[in-house]
Amino acid sequence: MTLIGYARVSTADQSTDGQLDALDAAGCERVFTDYASGKLARRPQLDALLDYARPRDVIVITKLDRLGRSLRDLLALVANLDERDVDLKVLDQTIDTTGPAGKLTFAILGAVAEFERDLISERTRDGLAAARARGRKGGRRPVLSPAKITHARKLRDGGEHTMTEIADLVGCSRATLYRVLDAEAPATG
């Protein structure tokens, strides 16, 4: 039996130190680390870990959400591990799938994690709807004001400037300039 650790953070800016310390203290012989969102299906180091794991090995993680937040994905992963005779140990939630109680606990905690995520999404949607009802619009503020768009259009129509020069003059990228001017173009047909 080999203890194999898995650590994950969402971005390279976040630190894995706490997870790595806990996995080392748990006695993991090897640790795989991903810098990817839990929502992503493709996590290269998780794939490498799954390829590396052999029957009777135990995959060790610090928290359940390190494997992902979708109950369906978590249960599918644990089912895959179970078929391959590989177990899962979650340190912070004291889950150990080597026994039936650990498997039940895993399913319950996975359901709670997904429920929490759904509640957060629902609250976010409700907050955005309330803001729209009050006349506020979410999202990023426009890069160019209507006056700058008009100025950019006049410069473009004048034909004396390149799009790069116009973008520099109005303070945006060429891609933004093209997108804004294309959106402003009257529909034909």
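Read-outs throughout are calculated quantities, based only on the coordinates presented, and are distinct from any laboratory measurement. Predicted model only: the values in this text are computed from it and were never measured. Neighbour counts are summed over all protein chains in view; Cβ atoms, including those assigned to glycine, are modelled from backbone coordinates with ideal geometry.
Based on Cβ point charges of +1 for Lys and Arg and -1 for Asp and Glu, what charge dipole magnitude is obtained for the range 3-116 about its Cα centre, in debye rounded to the nearest 20?
The dipole magnitude comes to about 240 debye.
When only alpha carbons are used to place a centre, the range 93-118 and the range 129-169 end up 49 Å from one another. Of the labelled options (1) -0.35, -0.53; (2) -0.28, -0.44; (3) -0.49, -0.63, which one gives log10 I(q)/I(0) by the Debye sum over Cα atoms at q = 0.08, 0.10 Å⁻¹ as computed for this structure? It is the value labelled (3). Once the Cα atoms are used to define both axes, helix 71-83 deviates from the longest principal axis of the chain by about 40 degrees.
Taking trypsin sites (Lys or Arg not before Pro) in DSSP loop conformation with at most 10 other Cβ atoms inside 10 Å as exposed sites, the chain has its longest uninterrupted site-free stretch at 43-133. Of the GluC sites (Glu not before Pro) found in the range 80-189, those that fall in a DSSP loop while having at most 11 other beta-carbon atoms within 10 Å are 160. Within the range 43-59, name every residue whose backbone N is under 12 Å away from a label modeled 7 Å from Cα of residue 84 along the Cβ vector. Zone members listed by number: 46-59. Think of it as helices only: each DSSP H run of n ≥ 4 in the chain is worth -39500 (n - 2.57), and spread over all residues that comes to -16500 deg cm²/dmol at 222 nm.
Using 0.36 nm per residue, how much length does the chain from residue 175 to residue 145 gain when fully extended, once their Cα-Cα distance is taken away?
Separation in residues times 0.36 nm, less the Cα-Cα distance, equals 9.2 nm.
With the charge dipole of the range 95-142 set up from +1 on Lys and Arg Cβ and -1 on Asp and Glu Cβ about the Cα centre, the Cα lying farthest toward the positive end among the listed residues 130, 119, 102 is that of 130.
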